[in-house]
Amino acid sequence: GAEGLGFDLMSSRVKCFSEEISGNTLVVGTYEVFESTSSQQSMPVEIQVTDPMEKVLHSKEDVAKGSFAFTTTIAGDYILCFHNKGLTSVQDQRHVKFTMKHGIDAKDYTHMMNSDHLSPLQTNIVKVRDQLTAIYDEMIDMKHRETQLRDLAEAMCERVAAFAVFTILVLSGTGAWQAHYLHNYFRRKKII
């Protein structure tokens, strides 16, 4: 499995990560902030997790280590931000490590095996069933998005065609009016 992501966060900086997650999905994350080696007094680091509607799902100040878990209500980009509240003049750098798992990856099958008294084979069968269900749900979600995008493309195509017909009519009308005006102008001037 994945070991997670680690990065250095400078003073008074914010670093955000987003992931598109479908609705009704379990999301589990862990994070750890390491003390600065360069400064004796490290400033706090704040973590914040928000949903696509910018509703705060998890927020904690002065974190050293922690975790969060929630089930998504709507599909979209879920954003995880870390903010080093240190002063810019101090140049305090903190190292942050975190993992964020969702769907099948977030489910703890070892705990399920122990609590439900399942054999390893039965646990693997449950895991495969859950994976198949996740794949099927993803396929249905993709089909729904494809339908929305196709409808949008067809509507745009109709608008472009209507605009093209309108443009042709305006240009034809303008051309006919110009020909009529020039014809009358040259007649009045007795050029033709």
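The values are calculated or read from the model by the stated rules, or taken from the named source; none is laboratory data. Being a predicted model, the structure only gives us computed values, none of them experimental. Because the Cβ atoms are built from the backbone with ideal geometry, glycine has one as well, and the counts that use them run over all protein chains shown. For accessibility, only protein heavy atoms count, side chains too; no ligands or nucleic acids. Shrake-Rupley method; radii C 1.70, N 1.55, O 1.52, S 1.80 Å.
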### Query
Where does the charge balance sit around residue 24 when Lys and Arg score +1, Asp and Glu -1, over other residues with C-beta under 14 Å from its C-beta?
-4
### Query
Which three semi-axes in whole Å describe the equivalent ellipsoid of the stretch 10-120, each the square root of 5 times a Cα gyration tensor eigenvalue, listed largest first?
31, 18, 9
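Find the accessible area per residue for the stretch 74-192; the probe is 1.4 Å, ligands and nucleic acids are left out, and the unit is Å².
Details: 9120 Å² over 119 residues.
Heavy-atom accessible area per residue stands at 77 Å².
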### Task
Could you tally the net charge around residue 183, taking each other residue with its Cβ under 14 Å from the Cβ of residue 183, Lys/Arg +1 and Asp/Glu -1?
+4
### Query
Which of the cysteines found in the chain have nothing to pair with, since no other Cys Cβ lies under 4.7 Å from theirs?
157
#### Entry: Which label in (i) 156; (ii) 231; (iii) 220 gives the computed volume of the Cα convex hull per residue in Å³
(ii)
### Query
By how many degrees, between 0 and 90 and to the nearest 10, does the Cα long axis of helix 120-188 differ from the longest principal axis of the chain?
20
### Query
Under unit Cβ charges (Lys, Arg +1; Asp, Glu -1), what dipole magnitude, rounded to 20 debye, does the chain have relative to its Cα centre?
1560
#### Entry: Solvent exposure, largest accessible area first (probe 1.4 Å, DNA, RNA and ligands not counted), of 62, 92
62, 92
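Add +1 for every Lys or Arg and -1 for every Asp or Glu among the other residues with Cβ under 14 Å from the Cβ of residue 143, and state the total.
On the way: positive: 145, 150; negative: 137, 138, 141, 146, 151.
My count for the surroundings of residue 143 gives -3.
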### Query
How high is the relative contact order of the chain, in percent, counting Cα pairs under 8 Å that sit 6 or more residues apart?
26
